[in-house]
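Asker: Let me give you the structure first, and then I'll get to my questions.
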Amino acid sequence: MSKAIRIDQIGGPEVLKMVDVTVGEPGDGEIRIRHKAVGLNFIDVYQRSGLYPFPMPLRLGMEASGVIEAVGKGVTHLKVGDRAAYASQPPGSYCEERVMPAKCVCKLPDDISFEEGAAMMLKGLTAQYLLKRTLPQGGLQTGDFVLFHAAAGGVGLIASQWAKALGYQLIGTAGSDEKCALAKAHGASHVINYSKEDFLVKVKEITGGKGVKVVYDSVGKDTWDKSLDCLSPFGLMASFGNASGPVAPFAPGILGGKGSIYVTRQTLFTHITSRETTQAMADDLFSVVSSGKVKIRIDQTFPLEQVKEAHIALEARKTTGCTILTL
C-alpha cells in the first residue's frame with residue numbers, strides 16, 4: 001500500500017485528500033519507484049481546477065525522484081536500486097510509491113540530490129526545450145535579448161541562469177522587488193517589477209526600441225497583449241502556461257501588423273514522447289546542473305500531508321524558486 005493524494009472532483013485546494021492505494025508489479029515497459037521527494041508545479045493546479053480536464057478520480061503530480069524497486073520486461077536503461085527522477089505523464093507523483101511507464105524516467109546522477117532531482121525535472125526540462133528547442137527565426141546568438149515572465153519562479157530561475165551561460169541577455173519580470181532581486185542574482189541581465197512599472201515601456205527602453213527576439217510566457221492572460229508588442233519583427237511569442245488564466249482568442253491578422261511575428265503554444269510532454277529525446281534533454285539538463293552553471297533553488301518544502309497548504313502558497317504567488325513535497 002502507498003499513501004497518495006487524490007481528487008474526486010475539480011475545485012480548490014480543499015478537494016485534495018490523502019488516500020491509501022494498492023501498488024502492484026510493473027508490466028512491460030514499466031517500473032516501480034519509491035519516492036524520496038516530489039515536485040510541485042502550476043500544471044498540478046491546472047489539473048486540480050479543471051483548466052486541463054482529466055477523468056475523475058485523479059491522482060496529481062508530474063515529477064518526483066526516488067529509488068527503482070522493480071523493473072518490467074523490456075526496460076533496459078534502469079535497474080533495481082538505481083537513483084532516478086522524472087517528469088512524466090500520466091499524473092500521479094504525489095505518493096510514496098507508484099508503478100509508471102519507464103520511458104521518461106531517467107537515472108539520476110550521484111552528484112544531484114533527490115531533493116534537487118524532484119525539483120528540477122519538469123522545470124529544468126521546460127527551460128531546456130524553451131532555450132534550446134523553441135527558438136525564433138534564425139535562432140538566438142550571443143548578446144540577443146529575450147523576455148522571460150515569472151523569472152523568479154522555478155522555471156524562471158533555471159532559465160535565467162541557463163540563458164546567462166548561453167550568452168543571452170534575459171530580461172526577467174516579477175511581481176515584487178524581492179523577486180526581481182532574486183532573478184537578478186540568478187543571472188537575469190535586467191529585471192522589471194511589473195507591479196510598479198510598465199514592462200512594455202521598460203523592454204523598449206532596455207533594447208533601444210528594437211524589442212526582443214523571443215518572449216517566454218507562462219503567465220498567460222495578464223501579460224499576453226503587451227508581450228506581443230515587446231517583439232521585434234519576425235519575433236516569437238512562446239506561450240507555455242496560464243498562471244493568470246488562459247489567453248483570450250485573437251485574430252491572427254494582428255500578427256502581421258505587429259511585425260510578422262510568430263506565436264506558438266508549447267508543452268513539455270510533446271517534447272518527451274520518445275525515450276531518446278527525453279534522455280538527450282535530461283542529459284543536457286544534468287550536465288548544466290553538474291557543472292554549477294545552473295543551481296536548483298528549493299525555497300519551499302512541505303510534507304506530503306500538507307499539500308493543500310503548498311497549493312495555496314503556489315496559487316497566491318507566495319513561492320519563489322522550486323517547491324517540493326517530502327515523504
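Asker: Take the stretch 260-317 and flag every residue that is at pLDDT 95 or above and among the aromatic types (F, W, Y).
Answerer: Correct list: Y262, F286, F302.
Asker: Could you please tell me which pairs satisfy a Cβ distance under 9 Å, a separation of 6+ or placement on different chains, a first residue in the stretch 61-77 that is over 28 Å from Y46 (Cα atoms), and a second residue that is surrounded by fewer than 17 Cβ atoms within 10 Å (Cβ to Cβ) and among the acidic types (D, E)?
Answerer: Once the first residue is over 28 Å from Y46 (Cα atoms) and sits in the stretch 61-77, its partners that are surrounded by fewer than 17 Cβ atoms within 10 Å (Cβ to Cβ) and among the acidic types (D, E) give A70/E25; G72/E25; G72/D28; K73/D28; G74/D28; V75/D28.
Asker: Strands (runs of 3 or more DSSP E) wholly in the stretch 45-118 with at least 1 residues that are closer than 25 Å to K295 by Cβ and in contact with a helix residue (DSSP H, G or I) (Cβ under 7 Å, 6 or more places away or on another chain) - which ones? Can you show your working first?
Answerer: Details: elements: 63-71, 83-87, 97-101, 105-107.
Fully inside the stretch 45-118 and qualifying: 63-71, 83-87, 105-107.
Asker: Does K210 satisfy the condition of being in contact with a helix residue (DSSP H, G or I) (Cβ under 9 Å, 6 or more places away or on another chain), surrounded by fewer than 18 Cβ atoms within 10 Å (Cβ to Cβ) and assigned to a helix (DSSP H, G or I)? Full working, then the answer.
Answerer: On the way: in contact with a helix residue (DSSP H, G or I) (Cβ under 9 Å, 6 or more places away or on another chain): yes; surrounded by fewer than 18 Cβ atoms within 10 Å (Cβ to Cβ): yes; assigned to a helix (DSSP H, G or I): no.
So K210 fails the test.
Asker: Right, here's the next one. What are the residues in the stretch 153-182 that are outside any strand (DSSP E or B) and under 16 Å from the mean Cα position of the chain (by Cα), if any?
Answerer: Our first condition is that a residue be outside any strand (DSSP E or B); within the stretch 153-182, this holds for 154-168, 175-182.
Once the filter is applied, which keeps residues that are outside any strand (DSSP E or B) and under 16 Å from the mean Cα position of the chain (by Cα), the stretch 153-182 yields G154, V155, G156, L157, I158, A159, S160, Q161, W162, A163.
Asker: Then there's this: Looking at (1) in contact (Cβ under 8 Å) with a residue 24 or more places away in the chain; (2) surrounded by 13 or more Cβ atoms within 10 Å (Cβ to Cβ); (3) of a type outside the set (S, T, N, Q), which is the one condition that is false for V19?
Answerer: (1)
Asker: Let me ask something else. List every residue pair whose Cβ atoms sit under 8 Å apart, with the two residues 6 or more apart in sequence or on different chains, where the first one lies in the stretch 304-315 and is within 15 Å of I43 (Cα to Cα) and in the same structural domain as Y94 (by TED's automatic domain parsing) and the second, anywhere, is assigned to a helix (DSSP H, G or I) and basic (K, R).
Answerer: These pairs meet every condition: H311/R48.
Asker: Conditions: (1) modelled with pLDDT under 95; (2) more than 26 Å from A316 (Cβ to Cβ). K73 meets all but one. Number of the miss?
Answerer: (1)
Asker: I would also like to ask the following. If only one of E305, E276, E309 is under 18 Å from A87 (Cβ atoms) and over 19 Å from the mean Cα position of the chain (by Cα), which one is it?
Answerer: Only one candidate qualifies: E276.
Asker: Tell me, which residue of the stretch 124-149 that is under 18 Å from I206 (Cβ atoms) and among the hydrophobic types (A, V, I, L, M, F, W, C) is surrounded by the fewest Cβ atoms within 10 Å (Cβ to Cβ)? Show your work before the answer.
Answerer: Looking only at the stretch 124-149, we keep the residues that are under 18 Å from I206 (Cβ atoms), and these are 136, 140-149.
Restricting the remaining residues to those that are among the hydrophobic types (A, V, I, L, M, F, W, C) gives 140, 145-148.
Working: L140: 19, F145: 23, V146: 26, L147: 30, F148: 29.
The qualifying residue surrounded by the fewest Cβ atoms within 10 Å (Cβ to Cβ) is L140.
Asker: Being closer than 22 Å to V105 by Cβ, β-branched (V, I, T) and modelled with pLDDT of 95 or more is the requirement here; does I31 meet it? Let's see the steps before the verdict.
Answerer: Details: closer than 22 Å to V105 by Cβ: yes; β-branched (V, I, T): yes; modelled with pLDDT of 95 or more: yes.
So I31 fits the description; yes.
The values are calculated or read from the model by the stated rules, or taken from the named source; none is laboratory data. All of these numbers come straight from a predicted model, not from anything done at the bench. Because the Cβ atoms are built from the backbone with ideal geometry, glycine has one as well, and the counts that use them run over all protein chains shown.
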